[in-house]
């Protein structure tokens, strides 16, 4: 009976880690998007022609959106109990909002045995 109780607790930890990762990714991604607008220069104003402009704009968008996207995808993988490495990468990206990201990483590491 204690084994069943423990497995339910571990399942709840994984579910909570997934939810915290998604919330941390959305909130942290929103904050990062706003902050990175000041930190990452707007290349479209300085370089307006050629392939260099397209590459720099793509790089800027990638830097701004990739962490939030990985955090949300990692949260989905956590809830599905698949691809532990991608789930861990998403939980690490959710550290953009540490209030949710730190507990998500800790709970995910504790529930590593539940993944396929």
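For the stretch 65-84, a residue qualifies if it is at pLDDT below 90, out of contact with any helix residue (DSSP H, G or I) (no Cβ under 7 Å at 6 or more places or on another chain) and either within 9 Å of residue 22 (Cβ to Cβ) or outside any helix (DSSP H, G or I) (or both), and exactly one does: 82. Residue pairs whose Cβ atoms lie under 8 Å apart, separated by 6 or more positions or on different chains, with the first residue in the stretch 1-27 and on the phi < 0 side of the Ramachandran plot and modelled with pLDDT under 85 and the second exposed (fewer than 11 other Cβ atoms within 10 Å of the Cβ) and assigned to a helix (DSSP H, G or I), are 10/113. Consider the stretch 34-64 and keep the residues that are surrounded by 15 or more Cβ atoms within 10 Å (Cβ to Cβ) and at pLDDT 70 or above. The one that is nearest to residue 104 (Cα to Cα) is 64. Here the stretch 102-116 is the region considered, the condition is being assigned to a helix (DSSP H, G or I) and either in contact with a strand residue (DSSP E or B) (Cβ under 8 Å, 6 or more places away or on another chain) or modelled with pLDDT under 85 (or both), and the residue that is farthest from residue 18 (Cα to Cα) is 113.
The values are calculated or read from the model by the stated rules, or taken from the named source; none is laboratory data. Everything numeric in this text was worked out from a predicted model, so none of it was measured. In this analysis, Cβ positions are derived from the backbone assuming ideal geometry, glycine residues included, and neighbour counts consider all displayed protein chains.
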